[in-house]
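See below for the structure under consideration.
The values are calculated or read from the model by the stated rules, or taken from the named source; none is laboratory data. Everything numeric here is computed off the predicted structure, so don't read it as measured data. Glycine also receives a Cβ, built like all others from the backbone with ideal geometry; neighbour counts cover every protein chain displayed.
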Amino acid sequence: MRRRHVLSLPLCTAWGTAAHADNAAGMVSATPGGLPLLLTAPHGGTAALAGVPARTQGVVLRDAGTAELAEQVADTLQARTGLRPYLVIARFARKFLDANRSQDEAMASAEALPAYRAYHGQIAAYVAELRARHPQGALLLDVHGQSQAPATVFRGTRGGLTARRLLQQFGPTALQGEPSLIGQLAARGHDVHPAVGGTSLREDPRYSGGYTVATYGSQHAEGIDAIQLEFGSHQRNQPGLARDVAEALLHFMRHHGLLTP
């Protein structure tokens, strides 16, 4: 049986009370993998949380297609390599719980806490397992969607903070050069931001990296390199997007020593 590791970060606390345990059951899809890669998707779910009032502050709209995109990328990677990435997908609707926020900001009621902890507890466990199994490095890719620039994918690393190991080892080209994720997506015809080859790591402040990458990124001693990608609504309707993302990931991981050629 695979040993479960727990990341010692503030969010990794005890599970909710038994009275609210039903709000954790079936609300998170999680599968371990064989690649040094964890895909997370916090905003693609549609399920209601029993007894939980809707949030009245913050964004409540679903990132349509992002859960499906993460699953399709995982399937494509398995078809190409014989191995799957780790995968954690929130099935609950964002209007009840925003898993890409701190616990205090994520919900309007404590009844949502078990689902929140189920989601982040699984990510923390997988990050610790990835660190143990892949000492050469691993990547967390947080999959999001946006509609403000429908044809553009935005990178979010808090100005490189959440990918500190990559920057220290390879420099800025690891994030915005030709072998970077956005560089490889641009090579496949996608509009990206920041621009490939730019000298500044500054990102669009709307999409510069949320709670997930900030919590599990390699700026923490027990984290891994973490990148948020915000895919435009038009991009998410393209049938070849999952293939392009999978190919970009493979090129990126091989170039940066996460995966042998």
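Show the residue pairs meeting these rules: Cβ distance below 6 Å; 6+ apart or different chains; first residue within region 132-155 and farther than 17 Å from residue 215 by Cα; second residue aliphatic (A, V, I, L, M) and assigned to a strand (DSSP E or B).
These pairs meet every condition: 153/192; 153/229.
Taking residue 100 as meeting all but one of (1) surrounded by 22 or more Cβ atoms within 10 Å (Cβ to Cβ); (2) among the polar types (S, T, N, Q); (3) within 30 Å of residue 260 (Cβ to Cβ), write down the number of the exception.
Going through the list (1) surrounded by 22 or more Cβ atoms within 10 Å (Cβ to Cβ); (2) among the polar types (S, T, N, Q); (3) within 30 Å of residue 260 (Cβ to Cβ), residue 100 breaks only (3).
Residue check: is residue 172 closer than 29 Å to residue 58 by Cβ and out of contact with any helix residue (DSSP H, G or I) (no Cβ under 9 Å at 6 or more places or on another chain)?
Judged against the criteria, residue 172 is not a match.
Just a yes or no: is a residue in region 120-139 more than 16 Å from residue 87 (Cα to Cα), touching a Ser or Thr at 6+ places or on another chain (Cβ under 7 Å) and surrounded by 22 or more Cβ atoms within 10 Å (Cβ to Cβ)?
no
Is it true that some residue in region 202-209 is more than 18 Å from residue 177 (Cα to Cα), part of a loop (DSSP other than H, G, I, E, B) and of a type in the set (S, T, N, Q)?
no
Considering region 84-103 alone, what residues qualify as being over 16 Å from residue 210 (Cα atoms), of a type in the set (A, V, I, L, M) and more than 12 Å from the chain's Cα centre (by Cα)?
Hit for region 84-103 is 93, nothing else.
Do the conditions hold for residue 163, that is, is it out of contact with any Lys or Arg (no Cβ under 9 Å at 6 or more places or on another chain) and touching a residue at least 12 places away in the same chain (Cβ under 8 Å)?
Spelling it out, residue 163 is indeed out of contact with any Lys or Arg (no Cβ under 9 Å at 6 or more places or on another chain) and touching a residue at least 12 places away in the same chain (Cβ under 8 Å).
What about residue 41, is it within 29 Å of residue 109 (Cα to Cα), at pLDDT below 95 and of a type in the set (A, V, I, L, M, F, W, C)?
In short, no.
Could you check how many residues of region 65-97 are among the aliphatic types (A, V, I, L, M) and surrounded by fewer than 19 Cβ atoms within 10 Å (Cβ to Cβ)?
Residues meeting the conditions: 2.
Considering every residue within region 174-193, establish whether at least one is more than 19 Å from residue 250 (Cα to Cα), of a type in the set (Gly, Ala, Ser) and surrounded by fewer than 18 Cβ atoms within 10 Å (Cβ to Cβ).
Within region 174-193 (the criterion being more than 19 Å from residue 250 (Cα to Cα), of a type in the set (Gly, Ala, Ser) and surrounded by fewer than 18 Cβ atoms within 10 Å (Cβ to Cβ)), the answer is no, since none of the residues qualifies.
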